[in-house]
Amino acid sequence: MNEYDVLKLENQLCFPLYACSKEVVRLYKPFLDEIDLTYTQYITMMVLWDKERVTVKELGESLYLDSGTLTPVLKALEKKGYVTRSRSKEDERVLNVSITKEGLSLRDQAKEIPKKMGSCICLSPEDASNLYRILYQVLGSIT
C-alpha cells in the first residue's frame, strides 16, 4: 500500500454514502412527481404529517437542514397550500410551521411511496434494518 492509496475513491466511506443518497433520491423522483413534491419537500411533509406543528428550528434538527435551505422549501409548500408559517406569539423570533387540511390530505396520496421505493431497492428486511441502524449510528457520531 502506498501513501496515496488513502486518496483512492474506492477507499472512501463518504463516496458510497454520497452516491447511494443521490441515487435513492433519483429513484424517488417519479413517485414524488405524481404528487408534485421535491424530495426535500417530501421529507418536510413527513415531519409535518407526524407532528402537525413544529418550529423551523425543530424541523431543521429533524431533517439536518439549516433555515437557509428550509426557507425556500417552506415557501413553496405554503404556496401549494400545504403549510402555513406564523410567528410565535410568545417569542417573535420563533417561526412555527403548521400543516393545513390540504397538506394532511396529501398524506393519503403519499402513503404508497415507501412501498414503491421498497420494490426499487433490493435489500432483505434484515439488511435494511442493519443499514438503517448503521446510518443513524454514523449520523449520531457526526452530530
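The values are calculated or read from the model by the stated rules, or taken from the named source; none is laboratory data. Here the structure is a predicted model, which means the values were calculated and not measured. Neighbour counts are summed over all protein chains in view; Cβ atoms, including those assigned to glycine, are modelled from backbone coordinates with ideal geometry. Surface accessibility is based on the protein's heavy atoms, side chains included, excluding ligands, DNA and RNA. Shrake-Rupley method; radii C 1.70, N 1.55, O 1.52, S 1.80 Å.
For Lys75, the lysines whose Cα falls under 25 Å of its own Cα, not counting residues fewer than eight places away in the same chain, are Lys22, Lys29, Lys51, Lys57, Lys89, Lys101, Lys111. Taking the 1.4 Å solvent-accessible surface of the chain as the whole, the part contributed by carbon and sulfur is 56%. Compared with the dominant principal axis of the Cα atoms in the chain, helix 101-110 is inclined by about 30°. Cβ-Cβ distance of Asp33 and Cys122, R₀ of 25 Å, FRET efficiency by 1/(1 + (r/R0)^6): the value works out to about 0.65. The angle between the Cα long axis of helix 14-33 and the longest principal axis of the Cα atoms of the chain comes to about 40 degrees, rounded to the nearest 10.
Only one item in (1) 19.4, 70; (2) 15.1, 49; (3) 18.1, 62 matches Rg and Dmax of the Cα atoms in Å derived from the coordinates shown, and that item is (3). Comparing Asp33, Asp66, Asp91 in a Gaussian network model of the chain, where Cα atoms under 10 Å apart are tied by springs, the biggest mean-square fluctuation is seen for Asp91. Using Cβ point charges alone (K and R +1, D and E -1), the dipole size of the range 14-125 about the Cα centre works out to roughly 120 debye.
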